[in-house]
Amino acid sequence: MTILSPTSLHDSHVVVFGGSSGIGLATAIAAKAKGANITIVGRTLEKLQSAADSIGGAQTAMADLASRQSIEAVFDSISRVDHLVITGGGVHAGKLADSDPGRLLTEVNEHIAGSLYAVKAAISRIPPTGSIVLMGGQLSDRPSGNGTSVMALACRGIEALARSLALEFKPIRVNVISPGFVDTPLYDAFGKEGRAALLAQAADVLPVGRIGRPDEIADAIIFLLTNGYMNCEVLHIDGGGRFV
Ligand SMILES: NC(=O)c1ccc[n+]([C@@H]2O[C@H](COP(=O)([O-])OP(=O)(O)OC[C@H]3O[C@@H](n4cnc5c(N)ncnc54)[C@H](OP(=O)(O)O)[C@@H]3O)[C@@H](O)[C@H]2O)c1
């Protein structure tokens with residue numbers, strides 16, 4: 001078996017949950033360009049197929065981060081995972097006063113429980129030089145008061161989880177990527193005008209004067225995968241959004 005240096009993705013196998021869109025797709029494209037073999041995971045076959053084409057070739061697998069069984073099934077046919085990246089999951093927002101707490105907790109199910117199940121299923125296949133990147137977010141440090149309280153809980157929980165897992169599974173490295181606003185299909189749920197208004201408003205407030213691009217977040221994720229001394233870290237990439 002070839003032992004890879006953590007600094008090289010060449011011939012490695014990178015599994016990206018959420019790799020069919022947005023940040024995950026950009027990460028898969030960037031890892032592929034560095035010579036990695038890619039598996040992308042999501043819930044929708046057509047999105048996976050079209051993403052595999054834009055990546056220039058990738059294995060695909062269907063799973064829902066809210067379903068432990070479907071996550072475990074992904075790894076049945078995978079013998080080695082050099083890097084596990086979890087960028088999947090939706091947005092389950094709403095003010096507590098107006099929302100069913102059970103629906104809001106879907107956020108925790110997908111992000112925290114989903115990450116736990118995926119790590120548990122993958123870990124025996126990850127070599128000592130491998131790593132894991134979990135998805136956090138700016139809400140961990142910058143609450144909005146705008147119906148994102150359970151999302152903030154999930155973002156902060158992921159950080160605590162990653163640090164503990166890094167100690168449990170050492171020397172496998174575990175890091176968190178923590179983006180601010182990024183221009184992805186995630187915001188399509190707000191409708192064309194709602195999406196444009198939300199993102200324009202966010203850009204207005206940000207010190208950099210614009211929202212982020214998926215490839216910029218992917219760059220930061222590739223850094224976490226390939227720098228062998230990065231561990232237990234939360235890498236913020238938010239245009240300064242935590243401070244405004
Ligand atoms: N965009 C931002 O501004 C931003 C900021 C901070 C954090 N984040 C987080 O970053 C992650 C990726 O966001 P994105 O902006 O790249 O969104 P996106 O473009 O909508 O991509 C989401 C990806 O996750 C998959 N997915 C969604 N729900 C899933 C589930 N339950 N199980 C498995 N896969 C699922 C989607 O495919 P299917 O729908 O086909 O499953 C898709 O591949 C999300 O967790 C989001 O909360 C985003």
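The values are calculated or read from the model by the stated rules, or taken from the named source; none is laboratory data. All values derive from a computational prediction rather than experimental measurement. Because the Cβ atoms are built from the backbone with ideal geometry, glycine has one as well, and the counts that use them run over all protein chains shown. Ligands, DNA and RNA are stripped out before the accessible areas are found, and what is left, the full protein with its side chains, is counted by its heavy atoms. Shrake-Rupley method; radii C 1.70, N 1.55, O 1.52, S 1.80 Å.
Annotations for the structure displayed:
- The set of residues in segment 147-176 being within 16 Å of the ligand (Cβ to nearest atom) and not small (Gly, Ala, Ser) consists of Thr148, Val150, Met151, Leu153, Cys155, Arg156, Ile158, Glu159, Leu161, Asn175, Val176.
- Residue in segment 65-78 that is of a type in the set (Lys, Arg) and in contact with a Leu (Cβ under 6 Å, 6 or more places away or on another chain) present: no
Here is a yes/no grid of residues against (1) over 13 Å from Ile23 (Cα atoms); (2) aliphatic (A, V, I, L, M); (3) touching an Asp or Glu at 6+ places or on another chain (Cβ under 6 Å):
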residue	(1), (2), (3)
Gly136	no, no, yes
Pro143	yes, no, no
Ser164	yes, no, no
Val174	yes, yes, no
Asp183	no, no, no
Leu198	yes, yes, no
Gln201	yes, no, no
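- Some residue of segment 115-122 being open to solvent by 20 Å² or more (accessible area, probe 1.4 Å) and either of a type outside the set (A, V, I, L, M, F, W, C) or within 11 Å of the ligand (Cβ to nearest atom) (or both): yes
- Residue check for Gly212: buried (at least 17 other Cβ atoms within 10 Å of the Cβ), at positive phi and at pLDDT 95 or above: no
- Top-ranked residue of segment 177-200 - restricted to ones that are over 21 Å from the mean Cα position of the chain (by Cα) and of a type in the set (A, V, I, L, M), ranked as nearest to the ligand (Cβ to nearest atom): Leu198
- Some residue of segment 130-146 being under 21 Å from Val234 (Cα atoms), at pLDDT 95 or above, charged (D, E, K, R) and within 16 Å of the ligand (Cβ to nearest atom): yes
- Summed over segment 1-27, residues that are surrounded by 20 or more Cβ atoms within 10 Å (Cβ to Cβ) and either farther than 22 Å from Gly89 by Cα or without any contact (Cβ under 8 Å) to a residue 60 or more places away in the chain (or both) total 4.
- Scope segment 28-37; condition crowded, with 20+ Cβ neighbours inside 10 Å and of a type in the set (Lys, Arg); matching residues: none
- Filter result for Ile86 (open to solvent by less than 70 Å² (accessible area, probe 1.4 Å), within 23 Å of Pro214 (Cβ to Cβ) and touching a residue at least 24 places away in the same chain (Cβ under 8 Å)): yes
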